[in-house]
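The values are calculated or read from the model by the stated rules, or taken from the named source; none is laboratory data. Quick caveat: nothing in here was measured; it's all calculated off a predicted structure. When we count neighbours, we look across all protein chains shown, and the Cβ atoms used for this are built from the backbone with ideal geometry, even at glycine. Side chains are part of the model used for accessible areas, which takes the heavy atoms of the whole protein and leaves out ligands, DNA and RNA. Shrake-Rupley method; radii C 1.70, N 1.55, O 1.52, S 1.80 Å.
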Amino acid sequence: MAITHDIYAETNPAYCAALLKHFVTGYLSFGTSAPDITLCYAALPVALSGDLASTFDRTNRSTGLLEWLHRSPVIQIRLADRINGSLEIVTEAIQFACFSQLLALNPEGRVVHGASSMPRHLTAQLSEDTQQIFKKIHRLGYWFASAGTTRTVFDMMGLKL
């Protein structure tokens, strides 16, 4: 049996917008202000990267961004290329999320929840692999918030603003 990989479905703006909604929820669960829009450009490609999926094994909310990066230095290999290669996908996801009112941008350039909400049991209807992506991006949101500022997150990941 041949296993196929549907890259179109994985980069669908609606799917990516739902992931970003989970990212924002994870970020806000730390109790800080909303995430800066630039953090979406780092979180989404990392969460969608199948080759990085195993780096989330044996992690939880308390692991933290720095510990996760130290455990798996492979994350930072070509990370800037991965992020730059996904700019259009993330931009379309943000636009879709804003147009559908899942998310909104405040005047400071931070991503906040919009007027629409996600169906409560949406992820329960998805495959186990897809559910794991939602868990990973939620965890990234929490880790990014607990790390501090956007600059700190980017510095930890070896990225430049």
Pick from Ser49, Ser72, Ser33, Ser116: which is free of Cβ contacts under 8 Å to residues at least 40 places away in the same chain and in contact with a Lys or Arg (Cβ under 8 Å, 6 or more places away or on another chain)? Ser49
I need the full set of residues from region 145-161 which are open to solvent by 40 Å² or more (accessible area, probe 1.4 Å), in a helix (DSSP H, G or I) and either touching a strand residue (DSSP E or B) at 6+ places or on another chain (Cβ under 9 Å) or touching a residue at least 12 places away in the same chain (Cβ under 8 Å) (or both), in order please. Ser146, Met156
What is the number of the single condition among (1) in contact with a helix residue (DSSP H, G or I) (Cβ under 7 Å, 6 or more places away or on another chain); (2) closer than 27 Å to Ala14 by Cβ; (3) surrounded by 15 or more Cβ atoms within 10 Å (Cβ to Cβ) that Gln131 does not meet? (3)
Quick check: is even one residue across region 126-144 farther than 23 Å from Ile37 by Cα, among the hydrophobic types (A, V, I, L, M, F, W, C) and in contact (Cβ under 8 Å) with a residue 40 or more places away in the chain? no
